[in-house]
Amino acid sequence: MTAYREGYQPFPGPVKRAALARAEGRCQRCGREDLPLQVDHWVNDASGGSNTIDNAVVLCTNCHSMKSATERQAGVQQRTEQRRRNTRWHEPHPNS
Ligand SMILES: [Zn+2]
C-alpha cells in the first residue's frame with residue numbers, strides 16, 4: 001500500500017465508505033471496475049484540500065499513480081518535499 005508521507009491526513013472511514021458507495025465500484029476517472037480502488041484527495045491536502053466527501057475521489061491504482069505523478073510535475077508537493085529535504089540533508093548536493 002501507499003506509504004503516507006508525513007502530515008498526510010487520510011480520510012475518515014465513513015467518508016471513504018461514502019465515496020466508494022457514490023462511485024459504485026468504478027474508477028471515477030476511467031470507469032474501470034477490474035482494478036483495486038483507492039479513495040484519494042481531489043485537491044491535494046498540501047494545497048489546502050480537506051477530508052470531506054466533496055474532496056474525495058475514487059481512483060483505480062492506474063489513475064492514482066498517474067495523478068500523483070502529475071501533481072509532482074506540477075509542483076503541488078514541492079513544499080512538502082522541500083521541507084523534507086531541508087530537515088534530512090546537511091551534506092552538499094551530490095551534483096554541486
Ligand atoms: Zn482509473
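What follows is calculated from the coordinates using simple rules that are stated; it is not laboratory data. What you are looking at is a predicted structure, and each value in this text was computed from that prediction instead of being measured. Positions of Cβ are generated from backbone atoms using ideal geometry, with glycine treated the same way; all protein chains shown enter the neighbour counts.
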**Item:** Net charge dipole size for the stretch 13-77 [Lys, Arg +1 and Asp, Glu -1 on Cβ; Debye, nearest 20]
**Value:** 60 debye
**Message:** Quick check: pseudo-label points 7 Å beyond the Cα along Cα→Cβ at Cys30 and Gln73, how many nm apart are they?
**Reply:** 1.5 nm
**Volume of the Cα convex hull of the stretch 13-77, divided per residue and given in Å³** = 73 Å³
